[in-house]
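Colleague: Before I ask anything, let me first share the structure, which is written out below as structure tokens.
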Amino acid sequence: MSDIAVLINTGVAVLATVVLIVRFRVNPVISLVIGSVYLGLSTGLGVTKTVETITGGFGEIMVEVGLLIAFGVLMGSILNETGAIRRLVEHLLRVFGPKRLPYTMGLAIGTALQSIFLDVLLVISAPLARRLAPRIGKLGTARMATAMAIALECGIVFMVPGVAALALAGLLGVPLGKMMIFGLMLIIPTIIISIAIMSFLFHKGFWNEAKDEDSTFVEDDGGPSDAGSAGATPAGRAASGTATSPTGGSGAEELEPVPAAVAVAERPEEKEAPLLVLFAPLLTALLLIAAGAVVEILELEIAWLQLLGNPVIALLIGLIGTGVVGRFTVGQARVENAITTGFKESGQILILTGVGGSLAATVAAAGLGDILGGFFSASTVAPLLVVWGIAAVLHIAVGSVTLSAITAAGLLAPIAPALGIDPVLIALAAGAGSLFMVHVTSNTFWLLQSLLGQSVRGALKSVTVGVSVASVVAILLILPMSLFF
């Protein structure tokens, strides 16, 4: 088959997948499989080879990241049950003060808290951010909403164990320790610079409190209730019945009392544990992964560190440790309940990641890698801009950060070796592009809009513009990295 025919059929497969998701509301998992089947058959792989490629691609990426995703989500679910996030943010407020809170909370959410499923993390932390916004001073809601949006979205694509970061690493064959180190190098300046840019714009008049904040917003039973807007949005439905809000003091100022219906952290059976103890297992796992990456880079033969630094073993240790701490603080029953919830959350993530691998495998089998390799072999910068652009376009159409990042990376994964580009840079570029234009097709958009008391106009500024700024900042930081790695 000619190169042009392969390119056309690949384009049709991707476009058909997008149309099925956006126009006909077909589940993304089913849409990706249909797109993979079409691509395999239309490029001459045949029925048997197409099916083998799809199932093989699914299995290969599950071998790479299946257990990692499951362990990370389960760990996050237990941390959620222990109330660790609420206490962490309260501690940050006491230590750094309200003026720096958007930066400190953003960095905490974007890095240390990425083992927690995105929607769960958002619903836990948003009511707290809403209460803290007035303490920051003028433009508090705008700054906190932007900081949360940027941190949440950047975290899942750049920071291990964020689910999209794990999927990208597995898809592109990037060692997880390396993905974590490079992701950490990128996410910290991206969050700080992006929040600073948005704060500057807000102070220059970009935010109008009268029009951009929802004055009808009220908190009741731990979630937003707005007959005019939040109740009619996906967020209003998603947040209903979700519990966890802040309580307790915050240094010189005391936080508002939490509604009784959501004060799960105040149950009689709970024992207070130091904050460091709650996060120690997760931090230990991340340190072990980083140590394992250093040992691999330096080509050292330290058997015990190679074992403990293996991402699967490291996250398993973190999960066991988090479970032990959870049993001590909230009891066996609540830990088991958290694990059950974690299994439910990890299922959809695992399947979506797997079918992303199926599409990538089919693209490779169709020969697209050899074709594109000739187009981009002269430059290492252009392919990174291309993968950023593909991910950005897919995200605008589909509204899923994870799906757009995986699809974009999958299209260029087969040509990474021929280009001489470190696959970790392709993973980061795909993640950066997938952040562009988070808008009304995204459930995260509606959650941030309602939970933080913004109007739709306000959310378009704090979420859509804010995360798009982070997307551009990230790719501008990645391009110089490509000159050195």
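Colleague: List, largest first, the extents of the alpha carbons of the stretch 282-331 along their principal axes, each in whole Å.
Modeller: Sorted from largest, the Cα extents of the stretch 282-331 read 43, 15, 12 Å.
Colleague: OK, next. What FRET efficiency would be calculated for the residue pair H203, T48, taking the C-beta separation as r and a Förster radius of 60 Å, to the nearest 0.05?
Modeller: So the FRET efficiency works out to roughly 0.45.
Colleague: Something else about it: Report the FRET efficiency, 1/(1 + (r/R0)^6), for F484 and L276, where r is their Cβ-Cβ distance and R0 is 41 Å, rounded to 0.05.
Modeller: The pair F484/L276 has a calculated efficiency of 0.70.
Colleague: Now for a different question. Counting other Cβ atoms within 10 Å, keep those with at most 11, restrict to DSSP loop, and tell me which chymotrypsin sites (Phe, Trp or Tyr not before Pro) in the stretch 1-101 are left.
Modeller: Within the stretch 1-101, the qualifying chymotrypsin sites (Phe, Trp or Tyr not before Pro) (loop, at most 11 other Cβ atoms within 10 Å) are F24.
Colleague: Same structure, new question: Once you wrap a convex hull around the alpha carbon atoms of the stretch 129-208, what is its projected area averaged over all directions, in nm²?
Modeller: Mean projected area for the stretch 129-208: 5.9 nm², to one decimal.
Colleague: Please identify every one of the GluC sites (Glu not before Pro) in the stretch 22-80 that sits in a loop by DSSP and has no more than 11 other beta carbons within 10 Å of its own beta carbon.
Modeller: Loop-located and lightly packed - none at all.
Colleague: Before I look further, what does the stretch 72-216 give for accessible area per residue, probe 1.4 Å, in whole square angstrom?
Modeller: It amounts to 28 Å² per residue over the stretch 72-216.
Colleague: Just to be sure I understand the model, the point goes 7 Å from the Cα along the line to the Cβ. What's the resulting V312 to R25 distance in nm?
Modeller: Roughly 4.0 nm, to one decimal.
Colleague: Next question, about the same structure. Give the shape of the stretch 63-147 as rounded, prolate or oblate, defined through the alpha-carbon gyration tensor: a ≥ b ≥ c are the square roots of its eigenvalues, a/c under 1.5 means rounded, and otherwise the shape is prolate if a/b is larger than b/c and oblate if not.
Modeller: Prolate.
Colleague: In nm, to one decimal, how far is the L298 label point from the L385 one, both placed 7 Å along Cα→Cβ?
Modeller: 3.9
Colleague: I would also like to ask the following. Write down the Å³ per residue value for the convex hull defined by the alpha carbon atoms of the stretch 23-170.
Modeller: Spelled out: Cα convex hull of the stretch 23-170, divided by residues, is 133 Å³.
Colleague: Okay, next question. Relative to the Cα centre, what is the charge dipole magnitude of the stretch 116-194, using +1 at the beta carbon of each Lys and Arg, -1 at the beta carbon of each Asp and Glu, and rounding to the nearest 20 debye?
Modeller: Its charge dipole is roughly 380 debye.
Colleague: From the C-alpha coordinates alone, can you work out the Kirkwood hydrodynamic radius of the stretch 1-62, in Å?
Modeller: The Cα-based Kirkwood calculation yields 12.1 Å.
Colleague: So, in nm, how far is label M185 from label K99 when the simple model puts each one 7 Å beyond its Cα toward the Cβ?
Modeller: Result for the modelled spin labels: 3.3 nm.
Colleague: While we're here: Considering only protein heavy atoms, what is the solvent-accessible area of T341 at a probe of 1.4 Å, reported in Å² to the nearest 10?
Modeller: Around 60 Å² of this residue is reachable by solvent.
Colleague: Does anything in the stretch 302-329 have its amide N under 16 Å from the 7 Å Cα→Cβ label point of T284, and if so which residues?
Modeller: In the stretch 302-329, the label zone of T284 (backbone N under 16 Å from the point 7 Å along Cα→Cβ) covers 305, 307-329.
Colleague: Another question about this same structure. Around F279, under 15 Å between beta carbons, what's the net of Lys plus Arg minus Asp minus Glu among the other residues?
Modeller: Cβ neighbours under 15 Å give a net charge of -1.
Colleague: Could I ask something else about it? Expressed as a whole percent, how much of the Cα-Cα distance distribution for the stretch 417-485 exceeds 15 Å?
Modeller: Here the long-distance tail beyond 15 Å is 58 percent of all Cα pairs in the stretch 417-485.
Colleague: I've got another one for you. Excluding same-chain residues fewer than 8 positions from K211, which lysines have a Cα within less than 25 Å of its Cα?
Modeller: Within reach: K99, K138, K461.
The values are calculated or read from the model by the stated rules, or taken from the named source; none is laboratory data. Since the structure is predicted, the reported quantities are computational estimates derived from the model, not experimental observations. Because the Cβ atoms are built from the backbone with ideal geometry, glycine has one as well, and the counts that use them run over all protein chains shown. We work out accessible area using only protein heavy atoms, side chains counted, and drop any ligands, DNA or RNA first. Shrake-Rupley method; radii C 1.70, N 1.55, O 1.52, S 1.80 Å.
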